[in-house]
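The values are calculated or read from the model by the stated rules, or taken from the named source; none is laboratory data. Because the structure is predicted, anything quoted here is derived from the model rather than measured. Cβ: placed from backbone, ideal geometry, glycine included. Neighbour counts: every protein chain shown. Remember, those area values only see protein heavy atoms, side chains included, never the ligands or the DNA or RNA. Shrake-Rupley method; radii C 1.70, N 1.55, O 1.52, S 1.80 Å.
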Amino acid sequence: MTVNQLVMLKQQEVGQFIEKLLVGWVNQFVVWTLVFVLSTEAPTTYQAKLA
C-alpha cells in the first residue's frame, strides 16, 4: 500500500466520522427544536381554548 492510498483511506474515514457527527448533531437539534416548540406552543393554545 502506498502512502497516497493510506492518506486517501484516512480522509474517507475522517469524512465519514464528520458526516456522522453532523447528522447526529442535526438530529439532536431537530428533536430539541420540536420539544421546545411543542412545550411553548401547546400550553398557549390549550389556554386559549379554555378562555
Scaled to the compact-protein estimate 2.2 N^0.38 Å, what is the alpha-carbon radius of gyration of the chain, rounded to two decimal places?
-> 2.24
Using a simple spin-label model with points 7 Å from Cα along the Cα→Cβ vector, what separation in nm is obtained for residue 49 and residue 37?
-> 1.9 nm
At a 1.4 Å probe, what is the % contribution of carbon and sulfur to the accessible area of the chain?
-> 72 percent
